[in-house]
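The values are calculated or read from the model by the stated rules, or taken from the named source; none is laboratory data. Here the structure is a predicted model, which means the values were calculated and not measured. FYI the Cβ positions are ideal-geometry reconstructions off the backbone, even for glycines, and counts take in every protein chain you see. Just so you know, the surface numbers come from the protein's heavy atoms only, side chains and all, with ligands and any DNA or RNA stripped out. Shrake-Rupley method; radii C 1.70, N 1.55, O 1.52, S 1.80 Å.
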Amino acid sequence: MTPVSAQAATAVVAAVGSALPSCTVSNDELTARLDTTDEWIRSRTGITRRHIAGADQSTADLAIRAAAQALTSSEPEHVDALVVATTTPDRCCPATAPAVATRLGLTGIPAYDLAAGCTGFLYALATGSGLIAADTARTVLVIGADRLASLPHPDDRTTVPLFGDGAGAVLLRRGSADETGALGPMVLGSDGTGADLIRADRPGALHMDGADVFRHAVDRMTNASRQAATAAGWDLADVDRLIPHQANSRITSFVARQLGVPDDRRLSNVAEVGNTGAASIPLLLDHASSDGRLAPGHRTLLTAFGAGLTWGALTLTWPDLSRTRLPQGAPHDR
Ligand code: COA
């Protein structure tokens, strides 16, 4: 897709939040039930553990916790729209987002799901940004939430180790293109000829052609990143932080190398959370801005790739977000 250039009303990042299930499963725990080793998983993927939702913890539950954290840290007067990017909605019908909005006390606002695999969060940022540019909304809550660990067959050693559950949220507000936090031009794309490379007809039936997916992920994220940087007028040498979809660390280090971005500017949390799908980028934004790896003023490049195939990239300069946290045991924290 041709990059959409910045318009008069631009979406600006106002807050972030995230949520992970409390239950973790380490590589060593997986070896008890799968023919694999900690060494194999770590050397191929960089993953050491993943968070797994309990049977009573839905995609909506995770989305609500992440969104509540973002809202608490910003206390907006209004949220005008809510988008949930997910591959694992709670039901085929209705969408997850209206229930999320209602449980957040936002009944009445437009709320809808968006499915674009692991690129879903970037697609959702694009639609949230479009609502703001069209003056349909002043603030949009964009959530990426997935229970990807529910997709592989429990005995499939080639896919079970890769995936985890979680959610991340970003509150977008109306602002101007010259502010820090303003979303830069977006590059989004898809290619349905690769639809069978990652597919699941139902939970527990994930099929993935690992080697082909690896190759596409590196190529698509590298190309989209280059296009987004060019559209923003950035030189890749000026990128302070690369935030790639956390598919696995071999993929993201290949992308960084091809872009010429030094490895210490490539942020990662895949070791602790695995591949969390649409939640991956906002989870990493929240983790890295909390622990200081992502700081105000950093020129930040986001890129993602996922089932579809889908891909995307965009730039922004990270804003100064004053942060407060939900207290432990908050109402939405199940
Ligand atoms: N433990 C031990 N051995 C395993 C294993 C596991 N968990 N999973 C696969 N293997 C075996 C395979 O069966 C194969 O054995 P064989 O040679 O006897 O057939 C061998 O390891 C090599 O498999 P291969 O698929 O070639 O490994 P790889 O080096 O390509 O790594 C992935 C596999 C999945 C880690 C890699 O292809 C990858 O990262 N793909 C992208 C996955 C991804 O990120 N998807 C989401 C994108 S959004």
Would you confirm, using the coordinates I've provided, whether A205 is in the same structural domain as T303 (by TED's automatic domain parsing), surrounded by 16 or more Cβ atoms within 10 Å (Cβ to Cβ) and of a type outside the set (D, E)?
no
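Need at least 3 residues that are under 22 Å from L302 (Cα atoms) per element, so show me which strands (runs of 3 or more DSSP E) inside the range 172-231 make the cut, counting only ones lying wholly within it.
Of the strands (runs of 3 or more DSSP E) lying wholly inside the range 172-231, those with at least 3 residues that are under 22 Å from L302 (Cα atoms) span 186-190.
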Within the range 140-161, which residues are surrounded by 24 or more Cβ atoms within 10 Å (Cβ to Cβ) and in contact with a strand residue (DSSP E or B) (Cβ under 7 Å, 6 or more places away or on another chain)?
V140, L141, V142, I143, G144, A145, D146, R147, L148, A149, L151
Residue that is more than 13 Å from the ligand (Cβ to nearest atom) and among the charged types (D, E, K, R), where the choices are E29, E39
E29
Within the bounds of the range 225-237, is there any residue that is away from the ligand (no atom under 15 Å from the Cβ), touching a strand residue (DSSP E or B) at 6+ places or on another chain (Cβ under 7 Å), β-branched (V, I, T) and open to solvent by 30 Å² or more (accessible area, probe 1.4 Å)?
no
Within the group L267, L242, which residue is closer than 22 Å to L309 by Cβ and either surrounded by fewer than 19 Cβ atoms within 10 Å (Cβ to Cβ) or more than 16 Å from the ligand (Cβ to nearest atom) (or both)?
L242
Which residues, counting only those in the range 93-115, are of a type in the set (A, V, I, L, M, F, W, C) and open to solvent by 10 Å² or more (accessible area, probe 1.4 Å)?
C93, A95, A99, L104, L106, I109, A111, L114, A115
Among the residues in the range 216-224, are any β-branched (V, I, T), under 21 Å from R50 (Cβ atoms) and either within 15 Å of the ligand (Cβ to nearest atom) or not assigned by TED's automatic domain parsing to the domain that holds R147 (or both)?
no
Suppose the filter is assigned to a strand (DSSP E or B) and either in the same structural domain as A124 (by TED's automatic domain parsing) or surrounded by fewer than 15 Cβ atoms within 10 Å (Cβ to Cβ) (or both); does A15 pass it?
yes
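Within the range 59-70, identify whether any single residue is outside the structural domain of S190 (by TED's automatic domain parsing) and open to solvent by 50 Å² or more (accessible area, probe 1.4 Å), and answer yes or no.
For the range 59-70, residues outside the structural domain of S190 (by TED's automatic domain parsing) and open to solvent by 50 Å² or more (accessible area, probe 1.4 Å): absent.
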